[in-house]
1. Simple spin-label model, 7 Å along Cα-to-Cβ: B:MET49 to A:GLU93 in nm?
2. Please rank B:MET63, A:MET258, fewest neighbouring Cβ atoms within 10 Å first, as an exposure proxy.
3. Starting from the Cα of A:GLU489, step 7 Å along the direction of its Cβ; do the same at A:GLU198; then give the gap between the two resulting points in nm.
4. log₁₀ I(q)/I(0) of the stretch A:319-476 at q = 0.10, 0.12, 0.18, 0.19 Å⁻¹, via Debye over equal Cα point scatterers, no solvent, to two decimals?
5. Can you list the lysines whose alpha carbon sits under 18 Å from that of A:LYS227, skipping same-chain ones fewer than 8 residues off?
6. In nm, what is the difference between 0.36 nm times the number of residues separating A:HIS62 and A:GLU543 and their Cα-Cα distance?
7. Applying 1/(1 + (r/R0)^6) with R0 = 25 Å to the Cβ-Cβ distance of A:ARG177 and A:ILE211, what FRET efficiency is obtained, to the nearest 0.05?
8. For A:THR170, enumerate residues with amide H under 5 Å from its amide H, sequence gap 5+ or separate chain, H modeled in the peptide plane.
Amino acid sequence: MNTPGVLPSIQSLVESNELRVLTDSVKDYAIFVLDHTGRVMTWNRGAQNIKGYSPAEIIGEHFSRFYTPEDRKAGRPAQLLAGAAREGRVEDEGFRVRKDGTRFWADVIISALRTEQGELRGFVKVTRDLTTRRMAEEQLRESEERLRLMIDSVKEYAIFMLTPEGRVSTWNLGAERLKGYTQAEIVGQHFSRFYPPEENALGKAQRELEIAAREGRFEEEGIRVRKDGTRFWANVVLSAVRDHQGRLLGFAKVTRDMTDRRRGEEETAQRARQQAAVAELGLYALQTGDLNALLERAILSARKVLGLEEIAIVNTPSDGDHIQVPIHASDRKADAYGYLTVARRSLTGGDTSFLQAVANVLAAAISRSEMEQQLRSAERANSEERARTEQAQQALRQRDEFISVAAHELRTPLTALHLKLQGLERKMRGSDRKEAAQVTAAVRQTDRLARLIDRLLDVSRISQGRLEMTREEFDLAAMVRQVAEDFREPAEQAQAPLELEVPEALEGCWDRLRLEQVLVNVLSNAVKYGGGQPIQVKLSGDEERVRFEVADRGIGISPEDIGRIFGRFERATSLRHYGGMGLGLYISRHIVEGHGGTISVSSEQGKGSTFVVELPRFETVVRPRAAQVRA
Amino acid sequence: MTDRECGRTVLVVEDDKDIRDTIAEILQDGDYHPFVAANGEAALAALRMADPKPCVILLDVMMPVMDGKTFRIEQRSDPALNDIPVVVLSAHADATSAAAEMKAEGFLRKPVDLDKLLDTIEKWCVAD
């Protein structure tokens with residue numbers, strides 16, 4: 001059935017170079033195709049990099065081996081495939097296992113490949129090693145956590161956030177001490193409860209929010225009420241917090257108990273101002289993505305709190321009599337981001353630790369912004385990769401379409417040529433001119449060419465999910481005898497006589513042309529690879545199923561190859577003169593599965609191969625099973 | 001096989017000139033009387049003028065102007081033409097289902113096996 005010399009060129013056409021280059025150029029992502037049962041059909045370089053398997057090792061294997069034993073036990077691989085089949089696409093994050101058994105954190109997208117008619121063809125799986133990205137995310141969380149801790153640990157000030165409507169959304173230790181509410185009690189409550197009832201009656205709280213929203217900031221000193229009803233004199237700063245588009249996210253509120261300050265001495269007051277400034281800066285750092293604005297604000301705030309104009313932030317430490325406070329990420333021993341410099345020879349210990357606190361806020365904010373940038377570029381890369389996957393799928397579809405169109409185009413002139421040659425052959429029938437034999441050979445060549453084009457069309461039908469079975473009742477035993485009869489001559493020429501064990505009759509309901517194609521394919525392989533030994537052909541059946549078996553005593557199939565011979569465009573043997581058996585078995589498998597049956601092979605190298613086709617006798621609603629392989 | 005007098009005439013409806021002419025030529029060599037049409041519409045016109053009506057119509061499926069399926073619908077709705085048997089010529093592997101859908105009397109797959117083609121034609125041309 002296969003034509004040595006012709007098939008390889010068609011194979012190279014089909015194995016589109018562009019497609020391979022495209023997916024192979026992707027090194028950071030494993031991109032591969034699964035068939036509808038989850039067996040790996042293709043493998044790119046990224047997959048090899050991430051998972052450690054070579055294409056030869058993995059193609060034909062079930063993809064569940066990438067999962068941890070726990071996940072496999074829980075049926076996770078099957079759940080994901082079912083999800084992708086149902087939803088079109090599933091995304092999952094979790095541990096996966098490399099060939100060497102090590103685990104990595106992966107982002108997995110499985111997309112169902114369906115035909116226009118909606119029939120499931122298989123899946124495309126894109127796996128990304130997230131280990132690096134995950135670390136960046138954790139670092140981001142940590143740096144945000146540091147800023148929060150800084151705010152939370154401020155005891156002298158109530159620092160909290162309000163929603164745009166004025167409801168409390170965060171709460172710190174200082175707020176708890178000052179106002180007497182725990183976080184659980186107060187979050188979600190309206191902040192007007194901190195005001196005396198007589199002021200609430202005038203709508204004071206609401207007015208303050210409006211001013212802060214309009215002008216960015218509202219500051220006042222006034223009377224506030226604790227949980228226990230006692231009153232205190234407070235300094236309140238209310239700042240509007242907006243996002244990059246200027247949308248109001250809420251308000252930051254810093255409340256200070258002025259009663260304490262009046263009592264306390266100037267040093268305490270200065271400390272308190274410093275703490276407030278640091279806390280405000282921390283809040284601002286959490287809300288803004290604009291590092292320059294934060295740095296500017298830090299300098300202004302430090303100048304104001306220390307009462308010094310000569311404060312700056314520089315990249316490298318300057319010479320001379322300056323106090324330099326490095327801005328270090330706490331987890332980094334390496335270079336500082338920059339230095340807070342003050343044109344003074346000395347400062348009090350309190351002022352120095354204030355500058356250190358400002359530097360810490362800045363360092364945390366800078367490292368947070370770096371992490372965010374990393375995340376953003378990781379996300380960008382992600383979306384670019386998705387576009388490439390789309391492109392790869394598009395190329396795949398275009399290739400299938402091309403095969404289909406090309407094969408149809410080839411068929412018309414071939415039909416005319418074939419007819420003309422047959423007409424000639426008919427006229428010369430019985431003649432002993434040597435041209436008669438040449439015409440007969442030409443008819444045989446066009447026959448082969450026609451069958452090859454048929455196969456190409458079958459492959460494109462399969463990949464578009466359009467391989468349909470037209471069932472009718474007929475006698476399979478008669479068909480097996482007929483096909484065996486057609487093979488009698490080539491089998492005898494190959495010194496591989498067919499030994500038949502076929503019942504009188506075995507009726508069932510199948511696609512006649514398609515099933516004949518399977519029988520022809522399996523038999524022609526046996527004759528071709530049978531190594532000149534008798535071939536056993538058996539047909540048997542019961543009420544429900546039939547079994548067709550062809551056993552040769554030929555070269556056999558190696559264990560590496562046996563898993564792949566039902567795949568697309570695989571040829572198990574490297575011996576050139578044996579020609580291709582790939583397309584035929586691939587098509588046969590789809591025909592058999594289209595009938596709800598199975599095709600399997602067992603083989604021993606040097607001793608021969610046995611192909612077994614099992615089919616339900618009548619149409620059932622059972623889903624097709626995967627091709628089974630036993631070595 | 002038919003009770004009409006059809007005089008071994010065969011209508012070949014096929015859009016590809018090479019295929020059409022080759023089939024006509026071969027039929028002529030086999031002592032049939034072929035006449036041809038390049039699409040469904042031309043075939044209907046030729047059929048309405050033909051006397052006697054052909055023993056059988058060889059019908060391609062995919063053709064410009066009017067395809068085989070439309071031709072078949074038209075032919076079946078015309079009482080003067082609806083008893084002429086049709087054999088579908090199809091390049092598709094699903095020729096069986098195409099033939100069933102078109103309620104044709106038979107089908108032949110492209111590329112056509114000449115012996116099969118002649119056997120089929122002969123079956124419909126045998127006089128009672």
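We did not get these values from a lab; they are worked out from the coordinates using the rules stated. Predicted model, so just to flag it, every value in this text is computed and none were measured. With ideal geometry, Cβ positions are generated from the backbone for all residues, glycine too; neighbour counts draw on all protein chains shown.
1. Label-label distance for B:MET49 and A:GLU93, simple model: 7.7 nm.
2. A:MET258, B:MET63
3. Label-label distance for A:GLU489 and A:GLU198, simple model: 11.9 nm.
4. With one equal scatterer per Cα and no solvent, log10 I(q)/I(0) is -0.69, -0.82, -1.11, -1.15.
5. Output for A:LYS227: A:LYS155, A:LYS179, A:LYS253.
6. 169.9 nm
7. E(calc), rounded to 0.05, equals 0.35.
8. Amide H neighbours of A:THR170: A:MET161.
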